[in-house]
Ligand code: SF4
């Protein structure tokens, strides 16, 4: 059985910090350029309009309180002993640099079990002043920047009202990587209009730009997203589970050695999850991916 080139992010964290490490999602009160009119008003069509904030997070509290409450809750149900504070909601890098610096400092000081930060970004919100702040925290702590690529197909990006382009992603990533920053790219498989070739080209781009991590997830329909309306009318074709599993395995085969895989599934919380049915059960989906990896002679690493 051959070793897959990519590696599990969780295993990496365990090796680096000597224990289980969990993310704590917080809401820094950020906005998004695709919602506040800077780039657009409607948002990406797959967006759940909470900026994809974890369901347990409690916006509007001071960051330190959110961190402590989140840690308490997660520590009760998992064996995690260290935590990475994740500015998940909306676009953290859309904030003025000073504000981002203050919030990052508050998050790091909130609890001694905090060992790092993750910051949600869009490629059009990574100007030099924000990169200066990110580089400062990259030196100070264990920092990840999560950037949405979603797809390399610009027509799909347009149809999804994403209001960024692949060229913008490439340009921003080159500048961020030149500073040595740790980047995780977010990719969606199954966007309407995307071909399997487009999805594999996204993996090629992650390799070419020497990005450090990847989150791949299946397209899912959240009841709060704009896609829910055409989906209810039967206008959004959904990928089948076997096709998704096949594409994920092809992507894992293709990823350059050392890329850390942060995620391979996606679903909306509870009742909000409209489709696909097979994505509701994350564990079963991961098991199906493992089984297919074994069938292809790849050693599952998660
Ligand atoms: S998905 Fe992200 S970038 Fe798109 S509208 Fe929602 S918060 Fe903004």
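The values are calculated or read from the model by the stated rules, or taken from the named source; none is laboratory data. Note that the structure is a prediction, hence the values are computed from the model and not measured. Here the Cβ positions follow ideal geometry from the backbone for every residue, glycine too, while neighbour counts run over all protein chains shown.
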For residues that are surrounded by fewer than 21 Cβ atoms within 10 Å (Cβ to Cβ) and closer than 30 Å to residue 163 by Cα, scanning just region 53-69, find the one that is modelled with the highest pLDDT.
-> 60
Please indicate, with yes or no, whether at least one residue in region 271-290 is in a strand (DSSP E or B), within 15 Å of residue 5 (Cα to Cα) and modelled with pLDDT of 95 or more.
-> no
Kindly indicate the residue of region 121-164 that is within 16 Å of the ligand (Cβ to nearest atom) and closer than 14 Å to residue 182 by Cβ and also farthest from the chain's Cα centre (by Cα) among those meeting that condition.
-> 126
Those residues of region 228-266 which are within 19 Å of the chain's Cα centre (by Cα) and not in a helix (DSSP H, G or I), in sequence order | 255, 256, 258, 259, 260, 261, 262, 263, 264, 265, 266
Checking 62, 96 in turn, the sole residue that is out of contact with any helix residue (DSSP H, G or I) (no Cβ under 7 Å at 6 or more places or on another chain), under 21 Å from residue 141 (Cβ atoms), away from the ligand (no atom under 16 Å from the Cβ) and without any contact (Cβ under 8 Å) to a residue 24 or more places away in the chain turns out to be 96
Out of curiosity, is residue 193 touching a helix residue (DSSP H, G or I) at 6+ places or on another chain (Cβ under 6 Å) and outside any strand (DSSP E or B)?
-> yes
Among the candidates 105, 198, which residue alone is at pLDDT 95 or above, more than 26 Å from residue 248 (Cβ to Cβ) and more than 16 Å from the ligand (Cβ to nearest atom)?
-> 105
Failed condition for residue 227, given (1) touching a helix residue (DSSP H, G or I) at 6+ places or on another chain (Cβ under 9 Å); (2) under 28 Å from residue 41 (Cα atoms); (3) crowded, with 19+ Cβ neighbours inside 10 Å, with all others met?
-> (1)
Can you confirm whether region 28-41 contains a residue that is in contact with a strand residue (DSSP E or B) (Cβ under 8 Å, 6 or more places away or on another chain) and modelled with pLDDT under 95?
-> yes
Within region 70-93, the count of residues that are under 30 Å from residue 37 (Cα atoms) and either within 16 Å of the ligand (Cβ to nearest atom) or modelled with pLDDT under 95 (or both) comes to 8
Would you check which residues across region 153-190 are part of a helix (DSSP H, G or I) and surrounded by 18 or more Cβ atoms within 10 Å (Cβ to Cβ) and list them?
-> 156, 157, 166, 169, 172, 173, 176
Test set (1) more than 16 Å from the ligand (Cβ to nearest atom); (2) loosely packed, with under 14 Cβ neighbours inside 10 Å - residue 37 fails condition number = (1)
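Condition check ((1) in contact with a strand residue (DSSP E or B) (Cβ under 7 Å, 6 or more places away or on another chain); (2) under 22 Å from residue 17 (Cβ atoms)) across all residues:
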{"position": "100", "(1), (2)": "no, no"}
{"position": "104", "(1), (2)": "yes, yes"}
{"position": "110", "(1), (2)": "no, yes"}
{"position": "114", "(1), (2)": "yes, yes"}
{"position": "123", "(1), (2)": "yes, no"}
{"position": "126", "(1), (2)": "no, no"}
{"position": "130", "(1), (2)": "no, no"}
{"position": "139", "(1), (2)": "no, yes"}
{"position": "150", "(1), (2)": "yes, no"}
